[in-house]
Amino acid sequence: MRKNIVAGNWKMNNDLSQTEALITAIKQQTQISNAEVMVAPTFVNLYPAFNALKESNVEVIAQNMHFASNGAYTGEVSASMLKSVGVGTVILGHSERRAYFNETDELLAKKVDAALENNMRVIFCFGEELVDRKANNEETIVNNQISNALFHLEASAFKNIVLAYEPVWAIGTGETASPEQAQDMHKFIRQTLAEKYSTEIANSVSILYGGSVKPANAKEIFSKLDVDGGLIGGASLKAEDFFAIVNAF
């Protein structure tokens, strides 16, 4: 049975004191939920966050990593480094990484391989831009992003992969795909997995929606059959809003 997951991606927000304050607020929220709860601070705050949350049911995850185990990659962080500070899950392929740092499907395939080789769980992101949606090309874009980066994997690898569909036109814009649009795409994604692997694999993989999820719309979005949770941006920076989304399950 696939898991419900709500992951807060804090992006490049919160210094150490702000991180500590947000974690304190998170720990004060009711933590009885039908979902796995995750937060992704910046690299420099991963270890303090891990220590602060290790007795809670909130997992600390990373926003990115490099594919190499070590070497002359100034400013980068490896899977083993993340694991050494208690991090076992990493977000890969976020639309901002693709857009601002030119991350390609081929590069992301190498990152996915590195994470899995280090027994890490991957939240793999993908999604179309507005021009693709207007051209009715969203399914082709999503299919290509998934197949190019993931379909070299054995079926067994998907026990450590969570998918996150993020329509780029709905990130940080205040726009949100309708619950029906989210469901339609999530259903397509699951069908794509079934065609490549099996219905069993497709039905076992959690697929999150990421695109301006808020307390006001979370319950309706999460109620859809193929939506298993959310990758939350701005709303995850306020503990009250974040746990209102978590408790939408």
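The values are calculated or read from the model by the stated rules, or taken from the named source; none is laboratory data. All values reported here derive from a predicted model rather than from experimental measurement. Cβ placement follows ideal geometry from the backbone for every residue including glycine, while neighbour counts extend to all protein chains displayed.
You will find that of N70, N64, N34, the residue that is in a loop (DSSP other than H, G, I, E, B) and either of a type outside the set (S, T, N, Q) or more than 26 Å from N4 (Cα to Cα) (or both) is N70 and no other.
Return yes when S212 is within 19 Å of E138 (Cα to Cα) and in contact (Cβ under 8 Å) with a residue 24 or more places away in the chain and no when it is not.
Considered against the rule, which asks whether it is within 19 Å of E138 (Cα to Cα) and in contact (Cβ under 8 Å) with a residue 24 or more places away in the chain, S212 comes out as yes.
In this entry, A155 is excluded by the filter for residues that are within 28 Å of Q181 (Cβ to Cβ), more than 18 Å from the chain's Cα centre (by Cα) and small (G, A, S). Looking at L116, L92, just one residue is modelled with pLDDT of 95 or more, under 14 Å from N160 (Cβ atoms), in contact with a helix residue (DSSP H, G or I) (Cβ under 6 Å, 6 or more places away or on another chain) and surrounded by fewer than 23 Cβ atoms within 10 Å (Cβ to Cβ), and that residue is L116.
Comparison of L116, L108, L46 shows that the only residue that is among the aliphatic types (A, V, I, L, M), within 23 Å of L208 (Cα to Cα), touching a Gly at 6+ places or on another chain (Cβ under 6 Å) and assigned to a helix (DSSP H, G or I) is L108.
Cβ-Cβ distances below 8 Å connect the following pairs, each with a first residue in segment 71-87 that is free of Cβ contacts under 8 Å to residues at least 60 places away in the same chain and on the phi < 0 side of the Ramachandran plot, a second residue that is small (G, A, S) and surrounded by fewer than 15 Cβ atoms within 10 Å (Cβ to Cβ), and a separation of six or more residues or different chains: E76/A68; S78/A68; S78/S69; A79/S69; S80/S69. Every test in (1) outside any loop (DSSP other than H, G, I, E, B); (2) of a type outside the set (A, V, I, L, M, F, W, C); (3) closer than 22 Å to F249 by Cα is passed by S56 save one, and that test is (1). Does A149 satisfy being touching a residue at least 24 places away in the same chain (Cβ under 8 Å), touching a Gly at 6+ places or on another chain (Cβ under 7 Å), farther than 23 Å from G8 by Cβ and not acidic (D, E)? In short, yes.
Pick out the one residue from F158, F151 that is surrounded by fewer than 16 Cβ atoms within 10 Å (Cβ to Cβ) and either modelled with pLDDT of 95 or more or of a type in the set (G, A, S) (or both).
Selected residue: F151, the only one of F158, F151 that is surrounded by fewer than 16 Cβ atoms within 10 Å (Cβ to Cβ) and either modelled with pLDDT of 95 or more or of a type in the set (G, A, S) (or both).
Within the set K54, K3, the sole residue that is surrounded by fewer than 21 Cβ atoms within 10 Å (Cβ to Cβ), basic (K, R) and more than 23 Å from E166 (Cα to Cα) turns out to be K54. What about N14, is it part of a loop (DSSP other than H, G, I, E, B) and either touching a Cys at 6+ places or on another chain (Cβ under 9 Å) or at pLDDT 95 or above (or both)? It is true that N14 is part of a loop (DSSP other than H, G, I, E, B) and either touching a Cys at 6+ places or on another chain (Cβ under 9 Å) or at pLDDT 95 or above (or both). Within this structure, A25 passes the test of being touching a residue at least 60 places away in the same chain (Cβ under 8 Å), of a type in the set (A, V, I, L, M, F, W, C), assigned to a helix (DSSP H, G or I) and closer than 17 Å to F243 by Cβ. Among the residues of segment 171-185, at least one is under 17 Å from K3 (Cα atoms) and not β-branched (V, I, T).
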